[in-house]
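S.K.: For reference, the structure I am asking about is given below.
The values are calculated or read from the model by the stated rules, or taken from the named source; none is laboratory data. Only a predicted model underlies this, so the values are computations on that prediction, with no experimental measurement involved. Cβ: placed from backbone, ideal geometry, glycine included. Neighbour counts: every protein chain shown. Side chains included, ligands, DNA and RNA excluded: accessible areas come from the protein's heavy atoms. Shrake-Rupley method; radii C 1.70, N 1.55, O 1.52, S 1.80 Å.
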Amino acid sequence: RLRAVIESGKLPALTSDPAYLDKLSAVLGVRLCRPNSGAEGRMTLLEAEPLAVSVGIAAMKKKGENVSGDRGTYFKTDAVESREAVEILERFLRSGVDPATAMKILNSVMLLRNGDEWGYATVDLMCVDLFTGETCFYKYGAAPSYVRTGKSVRRVSGESLAAGLMTGEGAAPDVVRMRLKPGSLAVIASDGVISGDDDAWLRELMRGDEADGDMKALARQVLRRAADEGGSADDMTVLAVRVDVRA
């Protein structure tokens, strides 16, 4: 990723032109962006990602329960029990730890804490490189995810146990790699959403025109359909993700 640093003496002349970023981008042959923060007296410019990701999250508690055991989140990196598991994993990822390594550490942490009856957690992690579209799904006992490319929908599943259940040093998560193109769509769902292999309704929904709209609306629609299909006997959480060309 290209990184350019401009010292203070040249800043006034440069930034006086409102189109300076576009002109520099044209000269260097890559699209540049300016981070919000930087050292005083200098300006740092970075190569802008050509891709953008939009995410929507929807959740529903199990009938009769006041809180949900599920937890869904998303964040961008520079490189309750379920809530604690997500927060531990997020701290590792934000610090630059490789995702597969972070998942192994999480499993080890949960094994160590099982003596305090901390339990276990299924973990579903999706990482997207916004420069190349290269995508990895990391799964510890997680329900299948679904990826739509064009009108084709692929089921992404694994066989590993939940984090906190697998013994042995360096017990690895399932890893599935693929490249997502602009317009690709993914649905990540907790195990209360899909019952067994009965996923025809979700595939149909993802192929429909409504899947090309707002991702939060799509996540809510998947959740409603899951409830109609016999869900809500368990906590349900859905994340809908779409990759687009950055505007």
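S.K.: Could you compute how much accessible surface residue 129 exposes when probed at 1.4 Å, giving the result in Å² to the nearest 10?
M.R.: We get 70 Å² for residue 129.
S.K.: I need the peptides 196-207, 46-57 ranked by packing, meaning the mean over residues of other C-beta atoms within 10 angstrom, with the highest value on top.
M.R.: Highest to lowest by the protection proxy: 46-57, 196-207.
S.K.: Past 29 Å, Cα to Cα, is the threshold; run 76/139; 62/216; 23/151; 23/216 against it and keep the listed order.
M.R.: 23/151; 23/216
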